[in-house]
Amino acid sequence: MNYVIGNLKSHKNLAEAQSWLDAFMAHDVASLDPHLSIIICPPYPFILIFKEALAQFHNISIGSQDISQYGAGKYTGEVSAFTLRGLATHALIGHSERRTYFHETDVTVSAKVDQARSMEIAPIVLVRDEHDLIPDGVDMIAYEPVSAIGTGHNMSVDDVIAMKKKLGIDQSHMFIYGGSATSGNVRDYLSHPEIQGVLPGTSTLDPDEFFSLLERASYIPQ
Ligand code: PGA
């Protein structure tokens, strides 16, 4: 099974989130490959809106863009795994933007993975290179080279595979690539037997481009 994980980052206000959903659902979403697993990660305040609007599509689920390293309690502003349970099936953990702007470390990433797991939320750990730790037992690992994020300079499939080897990721993991993934290049990644998913940011922002990307990601012979 292949994955497309759309990351809306800190984009969209309420009206824009609703327009995004309207425009996305104006497409023939049911025509997409039922074996393509689509995970959309909206900003926290819109998780419920996305979840409810897209509930009819069994291959679309909702992910959170982060998760607290702490459990429920006196942690003002944090969103815990306990809160997210039932709202999000997956959580992105350790995005390079969180590591850069919010000083997340391998220690916080591991704590977040534990929190997610404790509430049966599947962690998707993002690494920038071989220096970022992959906590034990994580199934979904996204490799996102910083040079490719938001730049339009996606990394070649060969280079992505070379890094997969360096990271020591074997076939028991779902290996996902992120960094300027678009409708134009998604098939190159997903056609490769060693890559199970892509994680687009910019291409998620426009619902028409995101739908095109999903169409191109559909029905790829394995
Ligand atoms: P991008 O973002 O597709 O805009 O490069 C990917 C990401 O940061 O997850």
For the stretch 23-69, give me each residue that is among the acidic types (Asp, Glu), touching a residue at least 12 places away in the same chain (Cβ under 8 Å) and more than 26 Å from GLU97 (Cβ to Cβ).
ASP33
What's the total number of residues in the stretch 174-188 that are surrounded by 17 or more Cβ atoms within 10 Å (Cβ to Cβ) and over 21 Å from GLU97 (Cβ atoms)?
5
Report yes if GLU97 is surrounded by 18 or more Cβ atoms within 10 Å (Cβ to Cβ), closer than 13 Å to GLU144 by Cβ and over 13 Å from the mean Cα position of the chain (by Cα), otherwise no.
yes
If you go through the stretch 143-163 one residue at a time, do you hit one that is touching a strand residue (DSSP E or B) at 6+ places or on another chain (Cβ under 6 Å), within 25 Å of LYS112 (Cβ to Cβ) and more than 15 Å from the ligand (Cβ to nearest atom)?
yes
Does VAL109 fit the bill of being buried (at least 20 other Cβ atoms within 10 Å of the Cβ), assigned to a strand (DSSP E or B), touching a residue at least 12 places away in the same chain (Cβ under 8 Å) and β-branched (Val, Ile, Thr)?
no
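Can you give me the number of residues within the stretch 39-73 that are assigned to a helix (DSSP H, G or I) and of a type outside the set (Asp, Glu)? Reasoning before the result, please.
Residues of the stretch 39-73 that are assigned to a helix (DSSP H, G or I), as a first pass: 44-54.
Applying the additional criterion that residues be of a type outside the set (Asp, Glu) yields 44-51, 53-54.
Counting residues in the stretch 39-73 that are assigned to a helix (DSSP H, G or I) and of a type outside the set (Asp, Glu) gives 10.
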Taking into account only those residues within the stretch 176-222 that are among the β-branched types (Val, Ile, Thr) and assigned to a loop (DSSP other than H, G, I, E, B), which is farthest from the ligand (Cβ to nearest atom)?
ILE220
What about GLY150, is it modelled with pLDDT under 95 and more than 21 Å from ASN2 (Cβ to Cβ)?
no
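Please verify whether GLY150 is surrounded by fewer than 21 Cβ atoms within 10 Å (Cβ to Cβ), under 18 Å from the mean Cα position of the chain (by Cα) and free of Cβ contacts under 8 Å to residues at least 60 places away in the same chain, treating the condition exactly as stated. Steps first, please.
Numbers: surrounded by fewer than 21 Cβ atoms within 10 Å (Cβ to Cβ): yes; under 18 Å from the mean Cα position of the chain (by Cα): yes; free of Cβ contacts under 8 Å to residues at least 60 places away in the same chain: yes.
When the stated conditions are applied, GLY150 passes them.
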Say whether the condition of being surrounded by fewer than 14 Cβ atoms within 10 Å (Cβ to Cβ), polar (S, T, N, Q) and within 20 Å of ALA88 (Cβ to Cβ) is met by at least one residue in the stretch 31-49.
no
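State all residues of the stretch 196-216 that are among the aliphatic types (A, V, I, L, M), within 24 Å of ARG128 (Cβ to Cβ) and surrounded by 20 or more Cβ atoms within 10 Å (Cβ to Cβ); if no residue qualifies, say none. Spell out how you get there, then give the answer.
Here is the first cut: in the stretch 196-216, the ones among the aliphatic types (A, V, I, L, M) are 198-199, 205, 213-214.
Retained after the next criterion (residues that are within 24 Å of ARG128 (Cβ to Cβ)): 198-199, 205, 213.
Once the filter is applied, which keeps residues that are among the aliphatic types (A, V, I, L, M), within 24 Å of ARG128 (Cβ to Cβ) and surrounded by 20 or more Cβ atoms within 10 Å (Cβ to Cβ), the stretch 196-216 yields VAL198, LEU199, LEU213.
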Pairs returned, first residue in the stretch 191-216 that is without any contact (Cβ under 8 Å) to a residue 40 or more places away in the chain and of a type in the set (A, V, I, L, M), second residue that is more than 8 Å from the ligand (Cβ to nearest atom) and part of a loop (DSSP other than H, G, I, E, B), beta-carbon separation under 6 angstrom, 6 or more apart or interchain, are none
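Only residues that are surrounded by 13 or more Cβ atoms within 10 Å (Cβ to Cβ) and either at pLDDT below 95 or out of contact with any helix residue (DSSP H, G or I) (no Cβ under 6 Å at 6 or more places or on another chain) (or both): list them for the stretch 20-30, please. Let's see the steps before the verdict.
So in the stretch 20-30, the residues surrounded by 13 or more Cβ atoms within 10 Å (Cβ to Cβ) come out as 20-21, 23-25, 27, 29.
MET25, VAL29 - these are the residues of the stretch 20-30 that are surrounded by 13 or more Cβ atoms within 10 Å (Cβ to Cβ) and either at pLDDT below 95 or out of contact with any helix residue (DSSP H, G or I) (no Cβ under 6 Å at 6 or more places or on another chain) (or both).
The values are calculated or read from the model by the stated rules, or taken from the named source; none is laboratory data. Keep in mind that this is a model prediction, so the values were computed, not measured. Virtual Cβ from ideal backbone geometry, glycine too; neighbours counted across all protein chains shown.
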